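Since every read-out is calculated from the coordinates, none of them should be taken as a lab result. Just so it is clear, the model here is predicted, and its values are computed rather than measured. Don't worry about glycine lacking a Cβ; one is built from the backbone with ideal geometry, like all the others, and counts go over all protein chains shown.
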Amino acid sequence: MVRRLHLLATLGLGVGCPYDPEMNDPTAITGLDDSSGTADTSAGTDTEPTTDAPTSTATMNPDTGTDAGAVCGDGSVDGDEVCDDGTNDGSYGGCASDCSAFAERCGDGEINGPELCDDGTNDGSYGGCESDCTALAPHCGDGTVNGSEACDNGEDNQNGSGCNIDCVVSGSLLQTYDYGPGQFCDGVFLTRPLFRDNGNVLVGATGYCNEDTVALVELDSNAALVQSFDTLLLPTTPVREATLRGDDWLLAASGCNYIISPMGELTEICEDGRLTGDASIDASDDGTYATLGYESLALFPATSPTPGDAPTWSVAPPDNASFDFSYYVMRRGINDSVVAAGTRRTVADNTYTAHIARFTEAGNLAGTYTYPGIETFYDLAASPVDGTMVATDSYPNFRVIRFDMAFDVAWVNTPGSDSDIALAIDSTGSVVMAFHDTATQQSVLRKMTPDGTLALWSATAQGDLGYVKGLAIDAQDAIWVAAVPYLGDGYHLTVAKFAP
């Protein structure tokens, strides 16, 4: 009996005391066996094994993909639920049926339900949305001048109306570029602004003396310099006019045509001075381009110009014993026609009458037109709306003449200029003119309605545009004016961008 009790006591000590009190730290906790239980050594008594952390008994719900302990539809967001409103019918402001997403709501960046505006931020800032998505925040078109707006006539905001659709005053100066002082010994040859497909603007100013400036610049849509090509041409290269064929810049000078690629590579064609466009050059969308010299009008194929190219056709002015003809400007017309304008001199009495000749793309004469009471046409512009044209005559009248489709005079406007007028037509058919006003001795921009009955706006151009100007209108109807005024320290090539 004594032995048995002793054995039991010994076994009890083997289970309850897993350490030697003389060999181990009595405060150390050790494992009892291979289980994850722990021993309580505070009283030296036996304990039942316990786990370090409870083990979840939840299983995944195969229908919803959420924890079985999270019930979609109980109105409480549990487990991996994103949204649970207890209904979960996908209605506006609620939750998706499986609790995995919000339904359409204010703040999701989409206009839905009763919303009028939802930009995802909805902080009421200018141009954005109110916090409850029920209204637009202050914006251009609300009839109140706010933010950076210069004007706001609400629904009456229209380009050319005085307050444009972007709340900018019609005709106001937007950006300018100044090449800096230059020198031109006896006048300057200035090209009209031209626009690459990316919106960049090309302008050139040249002379014909050895010391003259060569300014050939490419600007971005904000009139900042992108690159210059000044070193490609000699100072003695007067560029009479230029055009774009694709993204290649074609420049016409006395005796030569030049091509400047977007990368600044120069191609020079100096083979036949009669066909170089030293009076005018203009390209069409099909890649063909026409040139006007003082002795010849020619059309070249889309593969030109390369050395040795022959024109598709060329014609000379139809001088005869009764009349001498001079063409001063040429533009591409509708159906890829070629329209040349200038003057016809009557040999018998030495009088001059403005004259237009129109040729088909094949080079056939489609019509000639004379205009008694007008001596000469100095410039031409074609409408992007219907192909009709507008012209200017020169000294002493300085008028703007609009033609209809039959080349009859539709209207004549005399703006009061004391020098040649630059003009262009925008995407609405409205005529824009830039001129030096006789009465105020200031440079003026003016936009006329297509029928010529009303000046939509007239503004004094900020900065002196001088007497030599080139005007063009970009794809957004912004107005670009290139000029070379004398500003005290020399002639400055300036390029200004104005609101439509």
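Positive contributions from Lys and Arg (+1) and negative ones from Asp and Glu (-1), summed over other residues with Cβ under 14 Å from the Cβ of Asp404, come out at -1. Within the set of other residues whose C-beta is less than 10 Å from the C-beta of Pro193, count the net charge using Lys and Arg as +1 and Asp and Glu as -1. Charge balance in the 10 Å sphere: +1.
Compute the length gained on full extension between Ile334 and Thr360: take 0.36 nm times their separation in residues and subtract their Cα-Cα distance, giving the result in nm to one decimal.
So the chain would gain 8.4 nm between Ile334 and Thr360.
The slack between Asp89 and Asp166, meaning 0.36 nm per residue of separation minus the straight C-alpha distance, is 23.5 nm.
Net charge around Ile259, counting only other residues with Cβ within less than 9 Å of its Cβ (Lys, Arg = +1; Asp, Glu = -1)?
Charge balance in the 9 Å sphere: -2.
Return His139, His436 ranked ascending by Cβ neighbour count within 10 Å, so the fewest neighbours appear first. Lowest to highest Cβ neighbour count: His139, His436. For the pair the range 313-363 / the range 208-260, the C-alpha centres are spaced 28 Å from each other. Applying the criteria of a DSSP loop state and at most 14 other Cβ atoms within 10 Å to the chymotrypsin sites (Phe, Trp or Tyr not before Pro) of the range 82-179 yields Tyr92, Tyr126. For the range 138-177, the orientation-averaged shadow of the C-alpha convex hull comes to 2.7 nm² (one quarter of the hull surface).
Summarised in one figure, the compactness ratio Rg/Rh of the range 174-498, Cα atoms and Kirkwood Rh, is 0.94.
If r is the Cβ-Cβ distance from Leu487 to Asp408 and R0 is 41 Å, what FRET efficiency results, to the nearest 0.05? The computed FRET efficiency comes out at 0.45.
Remark: spin-label model distance Thr440-Asp418 equals 1.5 nm, labels positioned 7 Å along the Cα→Cβ axis.
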